[in-house]
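Below is one structure, written out as structure tokens, with a few remarks after it.
The values are calculated or read from the model by the stated rules, or taken from the named source; none is laboratory data. Please read these numbers as outputs of a predicted model, since none were measured by experiment. With ideal geometry, Cβ positions are generated from the backbone for all residues, glycine too; neighbour counts draw on all protein chains shown. Accessible surface areas use protein heavy atoms only, side chains included; no ligands, DNA or RNA. Shrake-Rupley method; radii C 1.70, N 1.55, O 1.52, S 1.80 Å.
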Amino acid sequence: MQCPKCRTVSLVDGSLSDKFAVKSCQECKGTWIPANEYEGWQARQTYNQTVSDLPPDSLDIQFVKSPFDTKAALCPECQRYLSRAKVNLKTPFYVERCPQCRGIWCDKGEWDILERLGLHTTIEQLFTNEWQTKARERQLWEKERQATADKLGSELAFQVFELAERLANHPNGDFGVAYLMRRVAGNVQPQNPKSER
Ligand SMILES: [Zn+2]
Ligand SMILES: [Zn+2]
């Protein structure tokens, strides 16, 4: 079985954190996880198999991604192109999976990061549209928060984010938003709640 990234290098037997048998490349240090090994390990898990959440935004994992990460790869078992799923960290990376045999490829260091994120138990969900959409949405929010902090300074921005959360979770939160709009927009008159038309 050849390394999907190095192509001419043969994979050798190894194991992943003593969990299951894998095939490793001694050249690029990538790991091929055959579907039967991975799915067998998943089935043996006693803890609950709920779908993992997105990793917390505050997570700042220092991670030097493998130079092979972006290289297109063929499945070492059935020669299909591997699908890629982006994991959005400060240093984003891709996990790869064969659409046919469901085997998983992790470049050097990727499994460890997935394990730290708690995503290693349900890698297949990274390849769903639902997860990828959620991840993209969160990234847009991150951008907006950053832009807001740049304009307001981090202290005031933090208060705004906190207030926004509280208003979003309050059944009448839109009244608070309307007040802010009138107050901040300036030349708008206060609304008299007792005024009659
Ligand atoms: Zn390799
Ligand atoms: Zn395959």
Inset, instruction - Show that you can apply the helix-only estimate: for the chain, add -39,500 (n - 2.57) for every DSSP H stretch of four or more residues, divide by all residues, and state [θ] at 222 nm to the nearest 500. - result: -11500 deg cm²/dmol
Inset, instruction - Determine, from the Cβ-Cβ distance of Phe161 and Cys78 and an R0 of 45 Å, the FRET efficiency 1/(1 + (r/R0)^6), rounded to the nearest 0.05. - result: 0.45
Legend entry - Label-point separation in nm, Ala147 to Ser17, each point 7 Å along Cα→Cβ: 3.8 nm
Inset, instruction - Note the full-extension length gain between Met1 and Glu124 as 0.36 nm times their separation in residues minus their Cα-Cα distance, in nm to one decimal. - result: 42.0 nm
Legend entry - Accessible carbon and sulfur surface of the chain relative to its total accessible area, %, 1.4 Å: 51 percent
